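The values are calculated or read from the model by the stated rules, or taken from the named source; none is laboratory data. Quick caveat, the model's predicted, so the values are computed rather than measured. Here Cβ is always computed from backbone atoms with ideal geometry, including for glycine, and neighbour counts include all displayed protein chains.
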């Protein structure tokens, strides 16, 4: 708690209930070695002042990298507690969604010349993995949104999240609460995305209870694993003599050979940008956990450290609310229509893909 507390903000600070008398021999040994290296370096005579400055610079850079890595491990471990706590409390009404943009797919032909390789424009695809627990069995379901032309901005994430939650609610009426987890990409960790969550909850019937952001390389493994499986399907499809150069052609290999169990696929040309929300959350880049209430949001710098700082949501005029609700309703209906039309082949051939799978315990 002490290491993760913010000394400048009381809302992000928490007192420990114990004395800090224990010491880690390895950590203490590392610090002692760094001090000793710095002392020896200061006493060592080098051929020139430039060599001395370069040696000191390399040492300071390495020292900063080592201490930063230690801090990263601490933050990553603490932020992962948010995921573990959610998994412990999952049931038929509560779901956990892990989101991530997969690396853009470069169009590829079965046979292509060297000239065809250059100047390719990648195809964006977004991965969402949904978890829930039913009858004490952990289940999962995947959503893949393939967009031919997309800026991967906040507006795209908001629409994708609305589609995922709306589809889950359509098939599972009992689902009422969702927890979101993603990395610190700007499209996720932005005021526009976070402030849109209450509106998404109202339009889908699934309340977004909390959003947690993971440290780099520490929390979106479920999406990465599903992306690797999808890429394997695509490679097999291309090796069979097929081309994959568009979003709709990228959907075909994911549905080939019976598709991927528990995965839904949607392909579209583009996603229209929404009007950005002008409201801002102060120091949002330092905040990593957000809990949503009726009229406010509680934010933390580190998970479960301090009581959190309450952010009161500004009221908008009735006319604006009505217009926004109409726009969101139209967008939601369009997503449902696109999803149903895009997956008519999947519905007819692999109906079991629309169910949660109960064999995902090893994926956590």
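Out of 192, 214, which single residue is over 30 Å from residue 70 (Cβ atoms) and modelled with pLDDT under 95?
Details: 214 fails: over 30 Å from residue 70 (Cβ atoms).
After applying the criteria, what remains is 192.
Loosely packed, with under 11 Cβ neighbours inside 10 Å, out of contact with any strand residue (DSSP E or B) (no Cβ under 8 Å at 6 or more places or on another chain) and not in a loop (DSSP other than H, G, I, E, B): does that describe residue 26? So that I can check it myself, show each step before the final result.
Working: loosely packed, with under 11 Cβ neighbours inside 10 Å: yes; out of contact with any strand residue (DSSP E or B) (no Cβ under 8 Å at 6 or more places or on another chain): yes; not in a loop (DSSP other than H, G, I, E, B): yes.
Criteria met by residue 26.
In the stretch 232-251, which residues are touching a residue at least 24 places away in the same chain (Cβ under 8 Å) and closer than 26 Å to residue 96 by Cα?
Result: 233, 251.
Report whether or not residue 215 is in contact with a strand residue (DSSP E or B) (Cβ under 9 Å, 6 or more places away or on another chain) and assigned by TED's automatic domain parsing to the domain that holds residue 195.
Working: in contact with a strand residue (DSSP E or B) (Cβ under 9 Å, 6 or more places away or on another chain): no; assigned by TED's automatic domain parsing to the domain that holds residue 195: yes.
No, not satisfied.
Which residue, of 188, 110, is in the same structural domain as residue 222 (by TED's automatic domain parsing), more than 22 Å from residue 210 (Cβ to Cβ), assigned to a loop (DSSP other than H, G, I, E, B) and touching a residue at least 24 places away in the same chain (Cβ under 8 Å)?
Working: 188 fails: more than 22 Å from residue 210 (Cβ to Cβ).
Of the residues listed, the single one that is in the same structural domain as residue 222 (by TED's automatic domain parsing), more than 22 Å from residue 210 (Cβ to Cβ), assigned to a loop (DSSP other than H, G, I, E, B) and touching a residue at least 24 places away in the same chain (Cβ under 8 Å) is 110.
Would you mind telling me which numbered condition in (1) touching a residue at least 60 places away in the same chain (Cβ under 8 Å); (2) within 18 Å of residue 186 (Cβ to Cβ) residue 124 fails?
(1) is the only condition that residue 124 fails.
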